[in-house]
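Input: a single structure, listed below in structure tokens.
The values are calculated or read from the model by the stated rules, or taken from the named source; none is laboratory data. None of the values given here were measured: they were computed from a predicted structure. When we count neighbours, we look across all protein chains shown, and the Cβ atoms used for this are built from the backbone with ideal geometry, even at glycine.
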Amino acid sequence: MRSARVACGGAIHHAVSHTQGLRLADGRVLAEDAVVWLPPFEAGTIIALGLNYGDHLKELAKELTVTSQDEPLVFFKGPGALIGHRGFTRRPDGVKVMHYECELAVVIGSTARRVTRATAMRHVAGYTVCNDYAIRDYLENWYRPNLRVKNRDGCTVLGPWLVDAAEVPDPHALALRTLVNGKVVQQGSTADMAHDIPALIEYLSAFMTLQAGDVILTGTPEGVSNVDVGDEVVTEIEGIGRLVNTIVGDAEFGRSAPAVQETP
Amino acid sequence: MATPQLHFDVPPYRLSGAVYGALLNDPAQLLALGDAVHQPPYKAPPQAPVLEVKPRHTLAADGDDIAVPGGAGGIEIGATLGIVVGRVACRLSMAQALQAVAGYVIAADLGLPLASHYRPSVRLKARDGFCPLGPRVVPAAEVPNPDALSFELSVDGEVVQRGSTAGRVRNVARLLVDVTEFMTLQSGDLLLLGRSHAAPLARVGQSVAIAFAGLGRLQVRLVAEAPLEGPSA
């Protein structure tokens, strides 16, 4: 099953995919653009991986020092970072580099505490697509990646669908790609994860209890590049979904441009 | 392991479960690093607030037993003030900041000692139960100056650290302003002001108590974590 959470007609609904778009639990069939899409499940802890693809690691190698043999690089996000499909993400005026990251999101379905990789996949409820933006101008070398880079309001896009694990026989053989204004800018395969999903669940559950609703954002392959106001950014993963986001500027959020320094 | 059921008598009456903590917010912590703050890997002192997320699995309540790894020489006990947000807080100004606070609660920022502040593993701090909160949320109206609260941290009844919330890199209002510039806080969210320099160590079997003037006393006991079995041990 492919399920979603949407707002429509004054309420929040659970919906499933339909040939004409989606169908609400109450029977209404609606087009994709007739609803407001929310993240497809109520997220608990948001766990993100940095540098989990060999090629992306190489791409950033000039400033980074880890190898795929190292402990997974994990960081957390708060609930305010999340937005759904067809949402709008703010690019602060004046920043130089804001980039997308197409990632397979793994949604936990049952409590996992100290599980081994042999049984880890039993705890996976399903998958969705994530576009985890970063604004590199704000990178500082203290507790990287710092929250001002990776935990901004509306900078972690999730959806459209939560796809049941049963419908994804091999989550480690999925093509993923990103398109900016229709042009392919990032391509990869989930086969190239440095730490695969069972390894991540084993690693995490050794020190933290994973609970239903927790989500693991498994990292991105090479091909990140800057996006600008007005760009339509589509992140898609084979068999999981096509997630659309649009970049907007400060003005949309009632923020004026930074004051120009005037010399007296 | 679950958000402590800290009900209180002012809106929003309960915590949302989202907890963020400030790090390196005591000038003495940066001072102790000396010239290293200008050298690789840091290259420059922090500009924006240094923050971490305390996910729901890290939360624990007053009186809980906290399982800590057996092999460790001890874990650090950071005493910190918790600021409970009382309304949606986005882009607060200094003048508005304290009006957005519902109340205050004691938090313990536990962690294994870190070798570096560059990219420390969350495995060292974000462990089950490593962020106890309590015993209660005291309404902001009863805390006239959150930037001058003294605390005492005791291990097995002996005071091992005395400190205060005064003299932070960012005080309560400034921290709220700088955090809400880029991340909106919701009613019931908790923002930790951050521990003081030189957090004391405590070991398995010891009892730890943090008393803040006017906020009560948060106490937990450190117990041994069962050894990890299987291939990842």
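Data overview
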{"read-out": "Filter result for A:Arg86 (of a type outside the set (Val, Ile, Thr), more than 14 Å from chain B (Cβ to nearest Cβ) and without any contact (Cβ under 8 Å) to a residue 40 or more places away in the chain)", "value": "no"}
{"read-out": "Filter result (at pLDDT 95 or above, more than 15 Å from B:Cys131 (Cα to Cα) and over 17 Å from the mean Cα position of the chain (by Cα)) within segment B:67-87", "value": "B:Gly86, B:Arg87"}
{"read-out": "Unmet requirement for B:Asp9, which otherwise passes all of (1) more than 13 Å from chain A (Cβ to nearest Cβ); (2) crowded, with 19+ Cβ neighbours inside 10 Å; (3) charged (D, E, K, R)", "value": "(2)"}
{"read-out": "Cβ-Cβ under 6 Å pairs, at least 6 apart or on other chains, segment B:48-76 side away from every other protein chain (no Cβ under 13 Å), far side among the basic types (Lys, Arg)", "value": "B:Asp65/B:Arg221; B:Gly74/B:Arg203"}
{"read-out": "Condition met for B:Ala36 (free of Cβ contacts under 8 Å to residues at least 24 places away in the same chain and either on the phi > 0 side of the Ramachandran plot or among the aliphatic types (A, V, I, L, M) (or both))", "value": "yes"}
{"read-out": "Residues located in segment A:130-149, provided they are among the aromatic types (Phe, Trp, Tyr) and either within 12 Å of another protein chain (Cβ to nearest Cβ) or not in a loop (DSSP other than H, G, I, E, B) (or both)", "value": "A:Tyr138, A:Trp142, A:Tyr143"}
{"read-out": "Residue check, A:Glu140 modelled with pLDDT under 95 and touching a Phe, Trp or Tyr at 6+ places or on another chain (Cβ under 9 Å)", "value": "no"}
{"read-out": "Check on A:Thr235, crowded, with 20+ Cβ neighbours inside 10 Å, out of contact with any helix residue (DSSP H, G or I) (no Cβ under 8 Å at 6 or more places or on another chain), assigned to a strand (DSSP E or B) and not aliphatic (A, V, I, L, M)", "value": "yes"}
{"read-out": "Residue ID - farthest from the other protein chains (Cβ to nearest Cβ), chosen from residues in segment A:192-223 that are in a helix (DSSP H, G or I) and of a type in the set (D, E, K, R)", "value": "A:Asp192"}
{"read-out": "Candidates A:Leu73, A:Leu64, filtered to the one that is over 27 Å from A:Ile12 (Cα atoms), modelled with pLDDT of 95 or more and either surrounded by 12 or more Cβ atoms within 10 Å (Cβ to Cβ) or not assigned by TED's automatic domain parsing to the domain that holds A:Pro160 (or both)", "value": "A:Leu73"}
{"read-out": "Where A:Gly230 falls short, out of the listed (1) more than 15 Å from the chain's Cα centre (by Cα); (2) assigned to a loop (DSSP other than H, G, I, E, B); (3) under 30 Å from B:Ala67 (Cα atoms); (4) not hydrophobic (A, V, I, L, M, F, W, C)", "value": "(3)"}
{"read-out": "Filter pass, A:Val185 being buried (at least 17 other Cβ atoms within 10 Å of the Cβ) and closer than 25 Å to A:Thr89 by Cβ", "value": "yes"}
{"read-out": "Among residues of segment B:54-82, those that are more than 22 Å from B:Leu193 (Cβ to Cβ) and hydrophobic (A, V, I, L, M, F, W, C), counted", "value": "3"}
{"read-out": "Qualifying residue in segment A:150-172 (condition: within 14 Å of chain B (Cβ to nearest Cβ), under 16 Å from the mean Cα position of the chain (by Cα) and more than 30 Å from A:Ser110 (Cβ to Cβ))", "value": "yes"}
